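The values are calculated or read from the model by the stated rules, or taken from the named source; none is laboratory data. Worth saying up front: this structure is predicted, and the values here are computed from it rather than measured. Don't worry about glycine lacking a Cβ; one is built from the backbone with ideal geometry, like all the others, and counts go over all protein chains shown.
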Amino acid sequence: MAQGQSDKPSPPEPPRRNRAEAVDRGLGAIAATAFERAGFRDPTLILRWAEIVGPEVARYTRPMKLSEGPSGGVLTLKSEPGASVFLQHESPTLCERINTYLGRTAIARLRFVQGEIAVRAVPAPPPRAAAEAPASDPARGFQGPERLKDALVNLARVRRRPVSPRTD
C-alpha cells in the first residue's frame, strides 16, 4: 500500500441542494451570539448609538461591552484619548440618556477605554439627474435594435450630466 492511502473509504460528499442560499439566513444567529458575548442582549444600543448619545459624542465613542454588576450595569466605551477626559465629566448625563432610551435603570456607570476610533465613511450624495440627450446626438439617430438604442441614449444622457466636485 502506498504512503498516504488507507483502507478506510472516504466519507460520502454531502448532497447538493442545487440552489443558492441567502447570506443573511445564518447571519442573525451569528450576530446575536457576538452581541450576547459582549453583554448586549438587545443590539439596538449599538446600532442606534448616535441617536441615543448624540452625533458629537458618537463621533468619539463606541460601546464595547455591557456587564452586570452588584451595584448596576457598567457600560465600557472605547473613546478617543482626548475625549475620554471630557466624557468622564459627562458620565451622569450620558447614563441618563442611555437609561432613558432603554426604559429602565440598566447603566449605573461608564468605563472608558482609550483607543483610536475609526472614522465612519460619509455616504456619497446621490447622483444628480442626468440631462436629456439633445436631438443632435448621434445616439438618437441610431438605426438598430431598440434595446441597444435605449442604452446608447442613456449613455449620452450620463455623458451630459454635470460632474459634482468630490469631497475626499
Subset of the range 53-97, residues under 20 Å from residue 37 (Cα atoms), hydrophobic (A, V, I, L, M, F, W, C) and buried (at least 17 other Cβ atoms within 10 Å of the Cβ), comes to 64, 66, 75, 77
Scanning the range 84-105 residue by residue, the ones that are in a helix (DSSP H, G or I), free of Cβ contacts under 8 Å to residues at least 24 places away in the same chain and under 21 Å from residue 47 (Cα atoms) total 6
Only one of (1) more than 30 Å from residue 57 (Cβ to Cβ); (2) part of a loop (DSSP other than H, G, I, E, B); (3) modelled with pLDDT of 85 or more does not apply to residue 147, and that is (2)
For the range 142-156, the count of residues that are surrounded by 15 or more Cβ atoms within 10 Å (Cβ to Cβ) and hydrophobic (A, V, I, L, M, F, W, C) equals 4
Among (1) in a strand (DSSP E or B); (2) at pLDDT below 85, residue 28 falls short only on (1)
Those residues of the range 57-83 that are in contact (Cβ under 8 Å) with a residue 40 or more places away in the chain and either in a helix (DSSP H, G or I) or over 24 Å from the mean Cα position of the chain (by Cα) (or both) come to a total of 2
Selection from the range 103-123 of residues more than 10 Å from residue 60 (Cα to Cα) and either modelled with pLDDT under 85 or exposed (fewer than 12 other Cβ atoms within 10 Å of the Cβ) (or both) yields 103, 104, 120, 121, 122, 123
Cβ pairs under 7 Å, 6+ apart or interchain, first in the range 34-49 and of a type in the set (Phe, Trp, Tyr), second assigned to a helix (DSSP H, G or I), ordered by first then second residue, are 40/46; 49/58
